[in-house]
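These notes are about the structure you will find just below.
The values are calculated or read from the model by the stated rules, or taken from the named source; none is laboratory data. Everything numeric here is computed off the predicted structure, so don't read it as measured data. Heads up, the Cβs are rebuilt from the backbone with ideal geometry, glycines too, and the neighbour counts pull from every protein chain shown. Just so you know, the surface numbers come from the protein's heavy atoms only, side chains and all, with ligands and any DNA or RNA stripped out. Shrake-Rupley method; radii C 1.70, N 1.55, O 1.52, S 1.80 Å.
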Amino acid sequence: MASVSPTPVLKDELDIVIPTIRNLDFLEMWRPFFQPYHLIIVQDGDPSKTIKVPDGFDYELYNRNDINRILGPKASCISFKDSACRCFGYMVSKKKYIFTIDDDCFVAKDPSGKEINALEQHIKNLLSPSTPFFFNTLYDPYQEGADFVRGYPFSLREGVPTAVSHGLWLNIPDYDAPTQLVKPLERNTRYVDAIMTVPKGTLFPMCGMNLAFNRELIGPAMYFGLMGDGQPIGRYDDMWAGWCTKVICDHLGLGVKTGLPYIWHSKASNPFVNLKKEYKGIYWQEELIPFFQSVALPKDCATVQKCYLELSKQVKAKLGKVDDYFNKLADAMVTWIEAWDELNPSSASAEVANGPKK
């Protein structure tokens, strides 16, 4: 298949969401792959600053003034001075699928030297089923040249809908600050030609810089939390969304894939700045992981919104004791769902077809 399809797949069903504080020159490199699609740019920081977008792209751009105007008092749930502001783009999109990428991510090359169309691979991942209930040792059985291995139950081979496609990165790895500090020169050069479904009951660290998801299936759970300006924590926005999303996907019988596609992550953020943002998260995550591992959602939670509101109650009840921040976060989770339902009234009662799996 050519790297650029003559008619781009899902051209009218997918938005590309980009959070940024700078001119989007990086789009030039992505032009062959992104130009046919609609972009939603969420400008962080100073709203009076003009962000330049290269000519020829179809986009809408929102800054903090727009967020305040559209959401009113509910704008308090959207983080400021943090890439978590990107989730506003998920909320205002009207498309079925979302691909989100950071502005320091460039086109990677596979081992043969061919440029990787990351968006196309994410779409393939989202359009093929997942297998969260039984692990296939050849990884993704729906990829070309693969299938289910001997001993794989035939009753599970149909798989379940894929809600999330989590891509990876070459060059600068997605490390936390302590790892950055002890391995400042480490670069990821390992290209692993594999995609796998994250098994049911297993959490994973979700990185938001190269990520796609089915907005209709899981959008309301993709809240990147309260981070950045005025908050005691940063750089855990995508982690929080990933843990909440995975617990809800497990409950509703949806799949999460990780692996291909790779992008080229071009620059490492400052480890000392990162440590300041992360240090409470590094401490708190030792309580957060057991919390998410033990979350149980009732059977009557059949929509993502109901699941998420139930999760917010449990966050308040169990994590509020860890720090008052989690009470604020739980309230923001409720505000997020209220704002989502206001802007997306038809999704409020959309039950997932295959329902909770226990």
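Can you find, within the range 302-345, the residue that is surrounded by the most Cβ atoms within 10 Å (Cβ to Cβ) among those that are hydroxyl-bearing (Ser, Thr, Tyr) and in a helix (DSSP H, G or I)?
By that ranking, first place goes to 308.
Would you check if there is a residue in the range 91-102 being under 14 Å from the mean Cα position of the chain (by Cα) and part of a loop (DSSP other than H, G, I, E, B)?
Among the residues of the range 91-102, at least one is under 14 Å from the mean Cα position of the chain (by Cα) and part of a loop (DSSP other than H, G, I, E, B), which makes the answer yes.
Among the numbered criteria (1) more than 25 Å from residue 173 (Cβ to Cβ); (2) out of contact with any Asp or Glu (no Cβ under 7 Å at 6 or more places or on another chain); (3) surrounded by 22 or more Cβ atoms within 10 Å (Cβ to Cβ), which one does residue 40 miss?
It is condition (2) that residue 40 fails.
For the range 249-286, which positions are buried (at least 24 other Cβ atoms within 10 Å of the Cβ), in contact with a Leu (Cβ under 7 Å, 6 or more places away or on another chain) and either at pLDDT below 95 or of a type in the set (A, V, I, L, M, F, W, C) (or both)?
254
Is it the case that some residue within the range 185-203 is within 28 Å of residue 328 (Cα to Cα), modelled with pLDDT of 95 or more and of a type in the set (Ser, Thr, Tyr)?
yes
Okay, residues lined up against (1) among the charged types (D, E, K, R); (2) assigned to a helix (DSSP H, G or I); (3) open to solvent by 20 Å² or more (accessible area, probe 1.4 Å):
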position: 16; (1), (2), (3): no, no, no
position: 28; (1), (2), (3): yes, yes, yes
position: 45; (1), (2), (3): no, no, no
position: 68; (1), (2), (3): no, yes, yes
position: 89; (1), (2), (3): no, yes, no
